[in-house]
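Trainee: Below you will find the structure I want to go over with you.
The values are calculated or read from the model by the stated rules, or taken from the named source; none is laboratory data. Being a predicted model, the structure only gives us computed values, none of them experimental. Methodologically, a virtual Cβ is constructed for each residue, glycine included, from the backbone with ideal geometry; neighbour enumeration extends over all protein chains shown.
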Amino acid sequence: MRMFKIIGKIAAACLLLTPGMAFAPLPPLRAAAAKSFSGGSPGVRGGTLTIALRSEPKTLNPALASDAASQDVIYCMNADLIHINRSSQRTEPELAQSWDVSSDGRTYTLHLRRGLRFSDGQPFTADDVVFSFRVYLDPRIDSPQRELLIIGGKPISVAKLDEYTVRFGLAEPYAAAERLFDGFPILPRHLLDRVYREGKFSKAWAISDAPSAFAGLGPFRLAEYVPGQRIVLERNPYYWTRDSSGTQLPYLDRIVFLFVPSEDAQVIRFLSGETDVLSRFSSEDFAVLQRQESKEKFHVYDLGPSLEYNFLFFNLNDVSTRNLPQIAKKQAWFRDLRFRQAVSLAIDRAAIVRLVYQGRAAVLASQVTPGNKLWLDPAIAQPVRSLERARELLKSAGFSWRPDGSLEGPGQHPVEFSILTSSSNSQRMKIATLIQSDLGQLGMNVHVVSLDFGAMVDRLLNSFDYEAAIMGLADGDADPNTEMNVWLSSGEMHLWHLNESRPATPWEADLNRLMNVQLVELNYLKRKKLYGQVQAIVARELPIICLASPDVLVAARNNIGNFSPAILEPYVLWNVDRIYVR
Amino acid sequence: MKNRRAFWVVLTLLASFHAVIVCAGFFSPYSYSAQNRDFPFAPPSRIHFFDSRGDFHIRPFVYGWAASSESFNSYAADPNAVYPIHFLVSGPAYRVAGFIPSRIHLFGVAEPGRIFLMGTDGFGRDQLTRFLYGGQISLAAGLIAAACSLLLGLVVGSLAGFYGGWIDDALMRGGDIFMALPWLYLLFAVRTALPLHMAQWQVFFLLVGVIGLIGWARPARLIRGVVLSAKERNFVRAARGFGASDFYLLRRHVLPHTYSVILTQMTLLIPQYILAEVTLTFLGLGVGQPMPSWGSLLSALQHYYVLVSYWWMFLPAILMVPIFLAYSQVADALQERSRSFPL
């Protein structure tokens, strides 16, 4: 679960940025999913949708939430100025009816919709926008989204021009800046201004607060919270959107989020009819559900590869030879590109896809998954397994083999290292076990060490007491800007070598340069070319050895209308105002 | 007399089972880490005496598998690929009881045939092999850890019960504190202090130590209660009156009363400790892949898809039941015997 937290955190950081211009076609649905997808057809009002959350939301405060459960509930209760349609991956006007961009790309003027009301009936004006962004930018509140609003080292400026017009100023041009607005829900100034000024904002909108304390511009509002069991949202009577036949949205009367802590329990609840949709589950459960599909009146959907990439990486951090002498010694191998190439060549990625994901995953050549059609560079060759080439590379790097077949490094040290994984992620544990066996064929003595997620992250980010690790990162959006914190050598998710004061290698300098250039380049094709070069460097230099990307798998009962899951979070609830019960 | 014979039967079974576990390498056809990536979740091999034409073979055989193209893990027997089972064949190297190197396996089939008497797991590893090897760690760790915590419990409980007063208070409150400690977080801390990778024997003693240490407080309470009531018996008072020393009283008159508690606790604790290993493995304190343990075999059953799809994954669990029953039978019988001899 905690794994999702970090993924959630990254996702939060990423939701906002993305490909501005071009059309992002939905990935083609596979056989199982090829059944009728109801588009945005008019539905009927009424009914309840029940869905399970993996954990209880930690907060309902949009400026504080970093876990996936909180974000899902907040998504249903709030609205942002400009929204990313998760299906088309294009931006859509939401609270802002339209926007103008100055010719230098540094000033955005947003024209707000008039006559909107929060879910408590109070009107929405530019003051609410200015207030919201003041909160998001406040360093004392330290919102997880805050750093996205720092562009060119300076926070963006927000100014009210009149009751319904707001101007945003950027220090530098920023590619696809309008996508930034997705993920910054507008807060009601009339409810939160006082607590904010009293310095108590970080306690505001806790999940246990009374429903009357909340107000949002989203389709639903809080009705009930039962600790340990469920959170219930009811229709927001002031929601502004109407469907093509003029019916006020949302269609649903209520959404019930049940807290069901494990995936297995979620599957059982879905099968027993207690929940209506099932969001993201493993391919093993997919097979189980698929067998009962026709009997039980639901469909399972394989949406194709997600944006999540799983990878193996070695510890290339500057570790002190005094505190961690063993690791420092082994880094001589890890830093040798030929060693990393040999490891990559020895890994049977096809077996990972088949045995870990039952074929419902894609082999990765770089960090960009086949699900990300807009940014994937197809010119990058798929990795091919070759133990012979791996052995040649190791030989050329000074490695040799003992009579018993075990590998030893240049100083006659036996090649032995451990791969760290999170014990809460059974897929990654399986990947580690496969890699252990693969590398055993090269004579490497690999140990799989599984720790709980918190302990693992502490080693990866703080103590650097690890040799290699398997991790996955999931972007909330497809845009390369979401990846800035991974590829910039100063980035906080530059996992293999954190806290670099300057790029440690020439190719890391290249990554910095390419990522920074694409950030301010406004032309999609030029950006795509730049990001393609980033992918090529990752595939060539292997700072992370990309393995596989699991498919997004979801399921819904047949009586759920307008069910249109997407590969972007929140996978099934993104069009929650249009979902209805037949 | 009849009970007595049953006792010896059970004891012999238990002993021979342990002998099989000790010689896991001999009784299992493969290495516990060997992955057959073409056969994930393969069902148990069926042993045939009659071939597809109905002819009888004196030597049993298995069919090869043709993996079905429809799904990644559905298999059909290939009647043209016949692999007779051979006995005392040469196979992957192993060590008997960790010392004597050998290559002889009780049974096996010629390559590329495969024989999985208990099916395979998700990596195509032979479940029978993993069950036998897993028993080595789990039974030894369970037994030694249970002995540790009972020994500690016995010492603490009998001292507390026998002497009473401040000794009792101090020891029992100590036990309370021990039970109230947030073990999960302490284990996190222990894990952080330890090196990332540990040798197999280090892991083993760590398991035994952690499990044994955590578990002593409860048996100590039970034993204290028994000692408390035993020491007030008239014959104990009488013995004291004759000038018997504390040690003599404890040994001769009081502790024999605790045998039944200890034996029942033992039979309860061993299965419990085998499961405790699953938790410890989750925290990174257990045996790592690819080394099997019964805990890790059981933990596969936590997944819903395993429960509903692959019945042979239950086999290790089912096989453990008679073993634990045998333990409790032996404990019962021992209790019976101790009762039939006057104290």
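Trainee: I'm checking my understanding of the structure. Among residues of region B:254-285 that are within 14 Å of chain A (Cβ to nearest Cβ) and either out of contact with any Ser or Thr (no Cβ under 8 Å at 6 or more places or on another chain) or among the small types (Gly, Ala, Ser) (or both), which one is farthest from B:Ala238 (Cα to Cα)?
Mentor: Step one: of region B:254-285, the residues within 14 Å of chain A (Cβ to nearest Cβ) are B:277-285.
Narrowing the set further to residues that are either out of contact with any Ser or Thr (no Cβ under 8 Å at 6 or more places or on another chain) or among the small types (Gly, Ala, Ser) (or both) leaves B:279-280, B:284-285.
Values: B:Thr279: 49, B:Leu280: 49, B:Gly284: 54, B:Leu285: 51 Å.
Among residues in region B:254-285 that are within 14 Å of chain A (Cβ to nearest Cβ) and either out of contact with any Ser or Thr (no Cβ under 8 Å at 6 or more places or on another chain) or among the small types (Gly, Ala, Ser) (or both), the one farthest from B:Ala238 (Cα to Cα) is B:Gly284.
Trainee: Another question about this same structure. Within region A:438-448, identify whether any single residue is in a helix (DSSP H, G or I), free of Cβ contacts under 8 Å to residues at least 60 places away in the same chain and either away from chain B (no Cβ under 11 Å) or over 21 Å from B:Tyr185 (Cα atoms) (or both), and answer yes or no.
Mentor: Within region A:438-448 (the criterion being in a helix (DSSP H, G or I), free of Cβ contacts under 8 Å to residues at least 60 places away in the same chain and either away from chain B (no Cβ under 11 Å) or over 21 Å from B:Tyr185 (Cα atoms) (or both)), the answer is yes, since at least one residue qualifies.
Trainee: Mind listing whichever residues of region A:462-490 are within 14 Å of chain B (Cβ to nearest Cβ) and not aromatic (Phe, Trp, Tyr)? Can you show your working first?
Mentor: Quick first cut of region A:462-490, residues within 14 Å of chain B (Cβ to nearest Cβ) only: A:462-470.
Listed by number, the residues that qualify are A:Asn462, A:Ser463, A:Asp465, A:Glu467, A:Ala468, A:Ala469, A:Ile470.
Trainee: Then there is this: Only one of (1) surrounded by fewer than 22 Cβ atoms within 10 Å (Cβ to Cβ); (2) touching a Pro at 6+ places or on another chain (Cβ under 9 Å) is not met by A:Ala175, so which one is it?
Mentor: (1)
Trainee: Might you check whether a residue that is more than 14 Å from every other protein chain (Cβ to nearest Cβ), part of a loop (DSSP other than H, G, I, E, B) and on the phi > 0 side of the Ramachandran plot occurs anywhere in region B:156-174?
Mentor: Yes; the residues of region B:156-174 include at least one that is more than 14 Å from every other protein chain (Cβ to nearest Cβ), part of a loop (DSSP other than H, G, I, E, B) and on the phi > 0 side of the Ramachandran plot.
To keep it simple, each residue is scored yes or no on (1) over 25 Å from A:Ala397 (Cβ atoms); (2) surrounded by fewer than 21 Cβ atoms within 10 Å (Cβ to Cβ); (3) among the polar types (S, T, N, Q).
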{"residue": "A:Arg335", "(1), (2), (3)": "no, yes, no"}
{"residue": "A:Arg338", "(1), (2), (3)": "no, yes, no"}
{"residue": "A:Val343", "(1), (2), (3)": "no, no, no"}
{"residue": "A:Arg349", "(1), (2), (3)": "no, no, no"}
{"residue": "A:Arg354", "(1), (2), (3)": "yes, yes, no"}
{"residue": "A:Gly359", "(1), (2), (3)": "yes, yes, no"}
{"residue": "A:Ala365", "(1), (2), (3)": "no, no, no"}
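Trainee: Would you check if A:Leu387 is surrounded by fewer than 17 Cβ atoms within 10 Å (Cβ to Cβ), in contact (Cβ under 8 Å) with a residue 60 or more places away in the chain and in contact with a Leu (Cβ under 8 Å, 6 or more places away or on another chain)?
Mentor: Values: surrounded by fewer than 17 Cβ atoms within 10 Å (Cβ to Cβ): yes; in contact (Cβ under 8 Å) with a residue 60 or more places away in the chain: no; in contact with a Leu (Cβ under 8 Å, 6 or more places away or on another chain): yes.
So A:Leu387 does not fit the description; no.
Trainee: Tell me the residue from B:Arg4, B:Arg53, B:Arg59 that is over 29 Å from B:Met313 (Cβ atoms), among the charged types (D, E, K, R) and part of a strand (DSSP E or B), please.
Mentor: B:Arg59
Trainee: What about B:Leu139, is it in a helix (DSSP H, G or I) and in contact with a His (Cβ under 9 Å, 6 or more places away or on another chain)? If you could, list the steps in order and put the result at the bottom.
Mentor: Numbers: in a helix (DSSP H, G or I): yes; in contact with a His (Cβ under 9 Å, 6 or more places away or on another chain): yes.
Taking the combined requirement at face value, the residue satisfies it.
Trainee: Okay, next question. Could you check region A:197-245 and list, in sequence order, the residues that are surrounded by fewer than 21 Cβ atoms within 10 Å (Cβ to Cβ) and among the aliphatic types (A, V, I, L, M)?
Mentor: Correct list: A:Ala206, A:Ile207, A:Ala210, A:Ala213, A:Ala223, A:Val226, A:Val232.
Trainee: When you scan region B:106-115, do you find a residue that is assigned to a strand (DSSP E or B), touching a residue at least 60 places away in the same chain (Cβ under 8 Å), among the hydrophobic types (A, V, I, L, M, F, W, C) and touching a Leu at 6+ places or on another chain (Cβ under 9 Å), even just one?
Mentor: Checked region B:106-115: at least one residue is assigned to a strand (DSSP E or B), touching a residue at least 60 places away in the same chain (Cβ under 8 Å), among the hydrophobic types (A, V, I, L, M, F, W, C) and touching a Leu at 6+ places or on another chain (Cβ under 9 Å).
Trainee: Also, I was wondering about something else. Return yes or no: is A:Tyr301 modelled with pLDDT of 90 or more, over 30 Å from A:Ile431 (Cα atoms), crowded, with 17+ Cβ neighbours inside 10 Å and touching a strand residue (DSSP E or B) at 6+ places or on another chain (Cβ under 7 Å)?
Mentor: Working: modelled with pLDDT of 90 or more: yes; over 30 Å from A:Ile431 (Cα atoms): no; crowded, with 17+ Cβ neighbours inside 10 Å: yes; touching a strand residue (DSSP E or B) at 6+ places or on another chain (Cβ under 7 Å): yes.
So A:Tyr301 does not fit the description; no.
Here's the yes/no breakdown for (1) at pLDDT below 95; (2) in a loop (DSSP other than H, G, I, E, B); (3) in contact with a strand residue (DSSP E or B) (Cβ under 8 Å, 6 or more places away or on another chain):
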| position | (1), (2), (3) |
| --- | --- |
| A:His83 | yes, no, yes |
| A:Gln89 | yes, yes, no |
| A:Ser98 | yes, no, yes |
| A:Ser103 | yes, yes, no |
| A:Gly115 | yes, yes, yes |
| A:Gly121 | yes, yes, no |
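Trainee: For region B:21-51, enumerate the residues that are more than 23 Å from the chain's Cα centre (by Cα), within 13 Å of chain A (Cβ to nearest Cβ) and crowded, with 20+ Cβ neighbours inside 10 Å.
Mentor: B:Gln35, B:Phe39, B:Pro40, B:Phe41, B:Ala42
Trainee: Could we say that A:Ile141 is within 17 Å of A:Asp577 (Cβ to Cβ) and among the β-branched types (Val, Ile, Thr) here?
Mentor: So A:Ile141 does not fit the description; no.
Trainee: Among the residues of region A:504-537, what is the count of those that are polar (S, T, N, Q), surrounded by 16 or more Cβ atoms within 10 Å (Cβ to Cβ) and part of a helix (DSSP H, G or I)?
Mentor: Residues meeting the conditions: 4.
Trainee: What is the residue count in region A:449-484 for residues that are touching a helix residue (DSSP H, G or I) at 6+ places or on another chain (Cβ under 7 Å) and without any contact (Cβ under 8 Å) to a residue 24 or more places away in the chain?
Mentor: 1
Trainee: Among (1) more than 25 Å from B:Leu263 (Cβ to Cβ); (2) crowded, with 16+ Cβ neighbours inside 10 Å, where does B:Met320 come up short?
Mentor: (1)
Trainee: Do we find a residue being in a loop (DSSP other than H, G, I, E, B) and away from chain B (no Cβ under 14 Å) anywhere in region A:416-433?
Mentor: Looking through region A:416-433, none of the residues is in a loop (DSSP other than H, G, I, E, B) and away from chain B (no Cβ under 14 Å).
Trainee: Here is a follow-up. Given B:Ala93, B:Ala66, B:Ala81, B:Ala77, which one is more than 30 Å from B:Trp216 (Cβ to Cβ), within 14 Å of chain A (Cβ to nearest Cβ) and assigned to a strand (DSSP E or B)?
Mentor: Selected residue: B:Ala93, the only one of B:Ala93, B:Ala66, B:Ala81, B:Ala77 that is more than 30 Å from B:Trp216 (Cβ to Cβ), within 14 Å of chain A (Cβ to nearest Cβ) and assigned to a strand (DSSP E or B).
Trainee: Can I ask one more? Name the residues in region A:369-384 that are hydrophobic (A, V, I, L, M, F, W, C) and either at pLDDT 95 or above or touching a Gly at 6+ places or on another chain (Cβ under 6 Å) (or both), would you?
Mentor: none
Trainee: Going residue by residue through region A:75-90, is there one that turns out to be of a type in the set (D, E, K, R) and surrounded by fewer than 20 Cβ atoms within 10 Å (Cβ to Cβ)?
Mentor: yes
Trainee: Looking only at region B:187-199, which residues are under 17 Å from A:Phe417 (Cβ atoms) and loosely packed, with under 12 Cβ neighbours inside 10 Å?
Mentor: Scanning region B:187-199 gives B:Pro195, B:Ala199.
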